[in-house]
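Asker: The structure under discussion is supplied below as C-alpha cells; questions concerning it will follow.
The values are calculated or read from the model by the stated rules, or taken from the named source; none is laboratory data. Keep in mind that this is a model prediction, so the values were computed, not measured. Here the Cβ is made from the backbone with ideal geometry for all residues, glycine too, and neighbour counts use every protein chain on show. All accessible areas refer to the heavy atoms of the entire protein, side chains included, with ligands and DNA or RNA removed. Shrake-Rupley method; radii C 1.70, N 1.55, O 1.52, S 1.80 Å.
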Amino acid sequence: MAAHANEQAAVAMPDSYSADAAAAVLQSGGNAVDAAVTAGFVLAVTLPEAGNIGGGGFMLIRHKGKADFVDYREKAPLQAHKDMYLDEQGNVITEKPLYGILASGVPGSVMGMWEAHQKYGSKPWQELLEPAIRLAEQGFLPHEKLVRSTQGYIKRVRQNRHGRNFDQYFDGMQADKPFKQPELAATLKRIAAQGPKDFYQGQTAKLLVEFMRQRGGLINMEDMAKYRAVWRQPISADWQGYQVLSAPPPSSGGLVLVQMLKMQAELANQFNGLEHNSAQYIHLLAELAKLGFADRAEYMGDPDFYQVPVTPLLADAYIEQRAKQVNPTAISNTDEVKPGLKESEDTTHYSVVDKWGNAVSTTTTINLSFGSGVVVDGAGFILNNEMDDFSAKPGVPNFFGAVGKEANEIAPQKRMLSSMTPTILLKGDKVEMVTGSPGGTTIISSVFQSILNRVLFDMNAQEVVDAPRIHHQLLPKDVIRHHSGLSEGAKKRLEDMGYSLNNQRFGDLQVISRNPLGGLEAASETSGRGKSLVF
Ligand code: DON
C-alpha cells in the first residue's frame, strides 16, 4: 500500500498492527528507535512466521547524524559442535538444523531491543511494550493470509512432526476472531517489567531451559546468561553520490550488496541505457551475483571467530579486477567463478524515519516461517531454526542453497552467517532511502535491486517494491529465480543464453525513500500484508 509524499516521518512495516503501533509512538513524540522497539515486540505477537522474541536480527540505526549497528544474531549453544547435524556416514541430516528442539540458536532479539533502547531510546521501555502486551492478551484479528499460512504449516507439522508442537498453540486461529496468546502476554509483561534480566536469567530463561532439558535440547542457563548483543560498525561505502550504510558480518548482506553496487558502478557503461528487467540487464545482475556469492561462500562468517577480510573484499582495486570477470555476452562458467582474494522463507524487515531525520532499518528472523515450529511451553514464544544458516558440512547447501566452509562452520557461541541486509542510503547528511527485506539469500538481491530501481530507474517507492525482481546466487548453476512479470522476450533471450528460469516469488520489501520534491514516500509490497504510512 502506498503512502503520501512531502511529510516528515514514515514507517514501512510488514503488517498493519506494527505500522499503527510504530506510527503512534512517533506521533506521541518517540524517536525512530522507540518506534522500532515497539514494532519489534508487536511483530512477535502478530507476525508469528517471523516476528519474534525467540530469534535474532540486526538493527541499523542513524541517529543524530551518526550511524550505528546492533547485532543481536542468535549464537550456537555451548554444547554445539561442528558435526552435530551429520549422520554416521558423515552426511547432513537435512531436517535436524531446520525443525525441532536442536534447530535453535540462543535467541538475541530481547537483548537487541534492550541495547538499542538503552543507547538511543527516549520513551520508557515499559510503555514501548504496551501495544504488544495488549495484542497478546486481548487478541488481534489475524489477516486471512496469516490464517492460511498457519493452517498450511499445521498440516505439514501433522504429516511429519519432526518434534514440533506449533499446532498446540496456533490451531484454531481464525480470520474473524481475536487470537489471544496468554502465555506470550505473560512473558512480555515480565520482559516489560524486568528487561533482559527476565529473558536471560529469570523466569523466562528457566521456562526455556527446562523445556530444552525435557526434550533433549542444548540451550542451558549458562548459554542464556552469556548472551550479549554486539555494537558493530556498519558497512559504509560511497556509490553514485550516495553513502550506503548496511549490515557488517556476521551478515554477508552488506558486503555482497556493496560489492555488487561497486561492480555495477565499475561497469556503468554496460548498464547505461539498458531497459529495466531486459534480458541483458538481468544477465549482468546474475554475473555480479555469481562473483558476490562466490566470495560469500569462502570468506564470510562470524567475525568474532573468523577473520572476515572486509577491507580487501571492498577495496577499489579488487572490485575493479572482479568486475573485469563479468562476461557481458554469455554466462560465466559456474565452475570457474571462484572467490577472488586468494591469489594476491521467514524473516521480516521494517523501516522507520522520524521527524528529526533519524532512521532505523531492521531485519529480524526466526529463519524459516514459524522457525523451528517449537513453542516454549509456558512462555508461549516460537523458537528459531537459525542453526541451518551455519554450513553443516563444507559444500553442502543449506535450505537457501547457500554453501560455506570453515568461515561458517558450527562452533560453540558462534553466530551463523546471515544474508539479512538492513540498509540506509544517505545523500549528504540526509536519509534518502531505508530498505530491507526477508528471503534468505534472496534478501541481498531484493535490497540491491530496490536501490537500483530507485537510483538508476527513478522509481517511486511503490514501484521500487513492486517491480519484478530476479535472484541468482552462483549455485544452483545458472538458475535465475524471478517474480512474475518479466517480459516474454527477456525470458526467451535468457533461456537462449543458457539460463534456467524459476518463477517463484521471494522477499517483502519495506521501503522509505525521498522523492524529487524532498518529501518522504513509503511502500510495502502489494503481494504481502504490509502497511506503510507517511505523516
Ligand atoms: O539470516 C538469514 O540470512 C536467514 N536466516 C534469513 C531467513 C529469511 O529471510 C527467511 N525469509 N523468508
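Asker: When both residues are 6+ apart or on different chains and their Cβ atoms are under 6 Å apart, which pairs have a first residue that lies in region 357-378 and is outside any loop (DSSP other than H, G, I, E, B) and more than 10 Å from the ligand (Cβ to nearest atom), and a second that is of a type in the set (D, E, K, R) and open to solvent by 10 Å² or more (accessible area, probe 1.4 Å)?
Answerer: Ala359/Arg62
Asker: Could you tell me whether region 459-470 includes any residue that is in a loop (DSSP other than H, G, I, E, B), within 15 Å of the ligand (Cβ to nearest atom) and of a type in the set (Lys, Arg)?
Answerer: Within region 459-470, one or more residues are in a loop (DSSP other than H, G, I, E, B), within 15 Å of the ligand (Cβ to nearest atom) and of a type in the set (Lys, Arg).
Asker: Select from region 226-260 the residues that are among the aliphatic types (A, V, I, L, M) and more than 25 Å from the chain's Cα centre (by Cα) and list them in ascending order. Full working, then the answer.
Answerer: At the first step, the residues of region 226-260 found to be among the aliphatic types (A, V, I, L, M) are 229-230, 235, 237, 244-245, 247, 255-258, 260.
Across region 226-260, there are no qualifying residues.
Asker: While we're here: Kindly indicate whether Gly57 is within 16 Å of the ligand (Cβ to nearest atom), within 20 Å of Leu26 (Cβ to Cβ) and of a type in the set (Gly, Ala, Ser).
Answerer: Answer is no for this residue.
Asker: Further question on the same structure: Hey, can you tell me all the residues within region 302-324 that are open to solvent by less than 70 Å² (accessible area, probe 1.4 Å) and aliphatic (A, V, I, L, M)?
Answerer: Val308, Val310, Leu313, Leu314, Ala315, Ile319, Ala323
Asker: Considering every residue within region 147-168, establish whether at least one is outside any helix (DSSP H, G or I), more than 17 Å from Ala193 (Cα to Cα), among the aliphatic types (A, V, I, L, M) and touching a helix residue (DSSP H, G or I) at 6+ places or on another chain (Cβ under 8 Å).
Answerer: No, there is no match, as no residue in region 147-168 is outside any helix (DSSP H, G or I), more than 17 Å from Ala193 (Cα to Cα), among the aliphatic types (A, V, I, L, M) and touching a helix residue (DSSP H, G or I) at 6+ places or on another chain (Cβ under 8 Å).
Asker: For region 432-458, give me the residue count where each residue is polar (S, T, N, Q), part of a loop (DSSP other than H, G, I, E, B) and either more than 16 Å from the ligand (Cβ to nearest atom) or modelled with pLDDT under 95 (or both).
Answerer: 0
Asker: Could you tell me which numbered condition Asn327 fails, if it satisfies all but one of (1) surrounded by fewer than 16 Cβ atoms within 10 Å (Cβ to Cβ); (2) not in a loop (DSSP other than H, G, I, E, B); (3) not aromatic (Phe, Trp, Tyr)?
Answerer: The number of the failed condition is (2).
Asker: Follow-up. Identify, from the list Leu267, Leu257, Leu285, the residue that is farther than 20 Å from Leu417 by Cβ and either surrounded by fewer than 18 Cβ atoms within 10 Å (Cβ to Cβ) or touching a Phe, Trp or Tyr at 6+ places or on another chain (Cβ under 7 Å) (or both).
Answerer: Of the residues listed, the single one that is farther than 20 Å from Leu417 by Cβ and either surrounded by fewer than 18 Cβ atoms within 10 Å (Cβ to Cβ) or touching a Phe, Trp or Tyr at 6+ places or on another chain (Cβ under 7 Å) (or both) is Leu267.
Asker: Go through region 379-431 and report how many residues are within 13 Å of the ligand (Cβ to nearest atom) and not in a loop (DSSP other than H, G, I, E, B).
Answerer: Residues in region 379-431 being within 13 Å of the ligand (Cβ to nearest atom) and not in a loop (DSSP other than H, G, I, E, B): 7 in total.
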